1. Determine if the stretch C:161-169 includes at least one residue that is of a type in the set (S, T, Y), more than 10 Å from chain D (Cβ to nearest Cβ), surrounded by 24 or more Cβ atoms within 10 Å (Cβ to Cβ) and assigned to a loop (DSSP other than H, G, I, E, B).
2. I want to confirm something. Restricting to the stretch C:239-257 and keeping residues that are in a loop (DSSP other than H, G, I, E, B) and farther than 15 Å from C:S224 by Cβ, which single residue is farthest from the other protein chains (Cβ to nearest Cβ)?
3. Only one of these is buried (at least 22 other Cβ atoms within 10 Å of the Cβ) and assigned to a strand (DSSP E or B): C:M105, C:M83. Name it.
4. Could you tell me whether the stretch A:231-245 includes any residue that is under 30 Å from C:S45 (Cα atoms), part of a helix (DSSP H, G or I) and without any contact (Cβ under 8 Å) to a residue 40 or more places away in the chain?
5. What number of residues within the stretch A:54-72 are touching a Pro at 6+ places or on another chain (Cβ under 9 Å) and assigned to a loop (DSSP other than H, G, I, E, B)?
6. If you scan the stretch A:4-32, which residues turn out to be among the aliphatic types (A, V, I, L, M) and assigned to a strand (DSSP E or B)?
7. Please go through the stretch C:221-238 and pick out each residue that is in a loop (DSSP other than H, G, I, E, B) and either more than 9 Å from chain A (Cβ to nearest Cβ) or of a type in the set (D, E) (or both).
8. So which residues in the stretch B:115-135 are facing chain D (nearest Cβ under 8 Å) and either outside any loop (DSSP other than H, G, I, E, B) or more than 21 Å from D:V19 (Cα to Cα) (or both)?
Amino acid sequence: MRDINLNIKPGSFTAVIGQTGSGKSTLIQHLNALLKPSSGTVTIGDRTIDATTKNKHLKPLRKKVGIVFQFPENQLFEETVLKDIAFGPQNFGVPTDEAMTLAKKMALLVGLDESLLKRSPFDLSGGQMRRVAIAGVLALEPEVLVLDEPTAGLDPRGRLEIMQLVTQLQSEQDLTIVLITHQMDDVANYADHVIVMAHGEMVKQGTPRAIFSDADWLESYQLGLPSATRFANQLIKAGFTFDPMPLTEDELADQLLPQLSKE
Amino acid sequence: MMENKRHTSTREIVYLAMLIAVTVVISRFFLIPVPMTHGNINLCDAGIFIAAILLGRKQGAIVGAFSGLLLDLISGYTQYMFFSFIVHGLEGFVAGWIGGNKKNTTKVVAMAVGVVVMVAGYWLTDTLLYGFKVGLIGVPTNFIQGIVGGIVAYFVSVPLESRLPRLLGE
Amino acid sequence: MAIIQVKNLSYKYHNSDTLAVDDVSFDIQAGDWVAIVGHNGSGKSTLAKLLIGLMPAQEGVITIDGQELSEQTVWQIREKVGMVFQNPDNQFVGATVADDVAFGMENRQVDRETMQERVTYALKQVDMLDYQQREPANLSGGQKQRVALAGVIAIAPKILILDEATSMLDPRGRREILQTIKRLKDELNLTVLSITHDIDEAASADRILVIDDGHFIEEDDPNSIFSHGSALIEMGLDVPFSEKLKLALSTRGLDVPATYQDEGSLVDWLRTLRSTK
Amino acid sequence: HKLDPRAKLVMSFMYIGVVFFANNFWTYLVMTALLLVSVLATAIPIGVFLRGLIPLFWLMIFTVLIQVFFGAGGHVYWQWGWLSVTHNGLTSAGLILMRFVLIILISTILTFSTQPLAIADGIESLLSPLRKLHFPVATLALMLSLALRFVPTLMDEAEKIMNAQRSRGVDFGAGGLRQRIKTIVPILIPLFVNAFNRAVDISTAMEARGYQDGEQRTKYRQLKWQRADTISFIVFVISLSAVIVIRYMS
């Protein structure tokens with residue numbers, strides 16, 4: 001990975017897109033100081049990390065940025081759901097009873113039923129386990145939540161529910177969201193800023209509308225368009241006009257309607 | 001039930017293979033440097049004890065023997081390969097024999113005996129290869145390694161034990 | 001002729017109270033591509049495993065290529081069926097690509113010369129010949145799934161079952177594997193049964209079977225199934241984009257046709273509306 | 001080094017066996033010469049082999065010191081309390097050191113020039129006569145090759161789990177032994193669960209592909225014994241017999 005300059009604003013929803021192996025995963029490990037930059041700096045809030053930062057100074061940063069890795073259910077290990085969620089805060093010195101209260105709050109926040117809290121995490125369904133893992137990261141009370149393909153392997157309903165949870169966290173908990181995804185429709189529906197990665201470099205950043213305005217450029221990086229934008233491009237060939245380019249089906253429908261005859 | 005016996009058999013081959021692989025992985029992954037000696041201790045005994053305690057003597061012996069062999073093969077200590085096969089195999093067998101599916105205190109005893117078998121086995125090996133006194137050098141390190149492995153195995157296998165039927169897909 | 005016949009099939013896991021598969025019957029014609037769709041936990045993967053006797057059904061009869069599935073016929077039936085599973089890593093058992101392709105043939109005691117020929121042939125079919133000596137650790141998920149597909153081709157089955165074979169891949173890997181399967185189906189005259197919740201994969205099928213909570217809901221061609229729009233969404237399934245747009249237009253007061261339209265025909269329909277202005 | 005792994009395995013172990021017969025200058029000379037020829041045959045730079053010895057440096061020093069100070073007999077060069085340096089002590093230290101280095105180098109040659117999988121194949125092939133005794137050689141070989149296949153996959157998994165727990169505030173590599181053991185458990189439990197889950201998937205896939213334990217299978221990967229193997233084998237046998245002969249002649 002080389003020469004990346006980017007800013008993520010508090011409270012924003014940033015999507016990171018790029019092909020598999022484009023450096024997305026390396027990027028998020030820097031956001032959480034799991035990796036130290038070999039050159040350059042990463043600044044999180046008022047703290048700066050560079051190649052010389054001592055490892056013991058990194059830990060407070062990990063509390064600020066919570067990462068939900070791909071297939072996060074693979075990190076569960078405790079006897080009960082509640083204990084697993086409380087594991088993170090305890091590592092940061094939160095007393096046990098406080099951590100448990102926090103864990104319960106987070107479990108309810110991600111939509112886990114209270115009856116599940118005393119169960120073993122391994123007894124839950126895949127979707128529920130994923131919620132436990134997300135709650136475990138939220139329990140660190142981070143300011144930034146990074147999610148690496150949180151919907152991978154879920155069915156359409158599961159995907160929708162997780163994405164709704166993420167937007168709810170952004171709006172109600174004032175979390176800054178960084179989402180790594182292959183789903184362009186999710187980018188169009190939820191993000192306000194997009195970072196495009198390729199070959200370990202950031203090749204472009206901007207609003208979703210700016211990024212998705214150039215289909216050919218995206219194609220050159222093997223990336224696609226949101227369904228609505230792709231469909232709008234077909235309609236342009238049929239004589240319709242759009243300004244700006246629609247990103248979601250609602251935007252598309254809104255612009256389409258005035259162009260249709262009302263019988 | 002239809003072809004139930006064969007079914008268990010393929011699954012058993014595969015989970016033993018996975019346990020061997022995990023044991024090799026944790027031995028290569030977690031090297032704890034030991035002060036005052038020539039090197040590191042690894043966690044292979046933990047993997048072997050976990051297999052032995054969860055599944056029993058035969059399985060413990062297989063996981064022990066093959067992970068010992070593979071570990072030496074991958075790390076370039078081929079001269080130890082067959083000795084490790086026997087020593088770790090015996091270690092797993094003994095630990096599984098005494099401690100498989102038993103009370104927690106019995107498990108501790110089983111692992112302690114396993115450690116003794118392992119330490120004695122390597123001492124004998126080194127004595128054969130390099131002489132009696134040189135063999136003594138390895139004893140303290142192997143001892144620490146075995147004890148650490150046993151402690152780790154205890155804390156991992158106790159919670160896993162109740163999950164076992166489900167993990168084996170039953 | 002029906003190459004797969006399922007009659008009154010039921011299955012219950014012994015640690016569960018409800019039936020995972022509940023009195024399901026259907027026929028699949030030779031040469032068809034049939035998709036079974038349903039949300040996670042709807043019983044569709046259980047169904048796949050029952051079809052090749054990986055688990056014994058409590059009730060019902062499965063007939064494959066004229067043979068009734070039983071303890072005696074299970075290995076013969078597996079000769080005719082190739083299966084690609086969800087997780088690319090957990091079905092790659094060979095040390096290298098070529099070894100993995102040969103695994104199924106080794107089990108069938110194919111001699112070595114034939115194996116070498118067929119490994120080369122199968123890898124060529126999935127465009128992985130250059131990767132013959134590669135180890136799985138150096139392959140992408142999509143490449144591993146193509147190797148799995150080559151392993152299936154090598155044993156020349158009549159039926160290919162895809163058990164959520166694309167669900168762990170990125171969009172590119174998914175597109176590539178679907179293209180490969182479409183081509184192979186025609187060239188090798190395969191019957192394809194794909195278990196999926198990916199809407200593009202389902203759209204490639206000739207017929208779609210919908211199951212929900214172990215129950216058989218409906219079987220029809222994609223056009224008719226997709227025209228159920230919101231009902232599918234309620235079942236936790238996806239619908240093609242053209243249907244989503246039609247839903248958005250109809251909530252805005254536009255009269256949309258009730259039948260399913262793919263994107264091309266939707267563009268045509270919208271064009272006629274525009275030109276009548 | 002394109003020799004058959006079986007040849008390499010047998011030669012290495014014959015070599016290690018014969019090292020114990022070597023007891024004087026001439027025998028060690030033959031052994032060393034044989035080793036050098038093998039090193040050259042691998043076409044791997046000698047530096048690589050020497051680097052392989054570095055991690056064992058302290059062990060070697062230790063070994064030598066022990067032999068020097070505790071080996072008794074012969075002329076006494078130096079004495080302090082119960083520590084003494086004697087002629088026999090020095091000689092045996094030298095011999096042990098030589099033995100040590102030779103054994104390590106020959107096994108390094110084997111591992112550097114042969115893939116673990118090839119060695120596993122070689123072992124399987126060498127053990128295949130045991131099949132007659134109903135010893136499940138093929139099953140165990142399959143188990144071994146599956147284990148080898150999944151080591152990198154599970155290594156990856158371990159790394160991922162470690163990263164995830166680190167983000168949840170676990171400090172690895174810090175603190176005393178007790179602290180370290182505590183941090184290992186949150187990795188090992190998920191890793192074992194993952195391995196068992198994989199096992200269920202893999203065995204299902206194997207059965208779907210027609211695998212049945214105990215049934216006859218053909219083999220795609222085969223070892224080929226070639227002329228070079230026979231020649232090297234003969235060279236080894238002759239040199240090693242020479243060592244034994246020299247030992248008992250002198």
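The values are calculated or read from the model by the stated rules, or taken from the named source; none is laboratory data. Remember, predicted model here, so these are calculated numbers, not experimental data. Glycine also receives a Cβ, built like all others from the backbone with ideal geometry; neighbour counts cover every protein chain displayed.
1. For the stretch C:161-169, residues of a type in the set (S, T, Y), more than 10 Å from chain D (Cβ to nearest Cβ), surrounded by 24 or more Cβ atoms within 10 Å (Cβ to Cβ) and assigned to a loop (DSSP other than H, G, I, E, B): present.
2. C:V256
3. C:M83
4. No.
5. 1
6. A:A15, A:V16, A:I17
7. The answer is C:D221, C:S227, C:H228, C:G229, C:D238.
8. The answer is B:L129, B:Y130, B:K133, B:V134.
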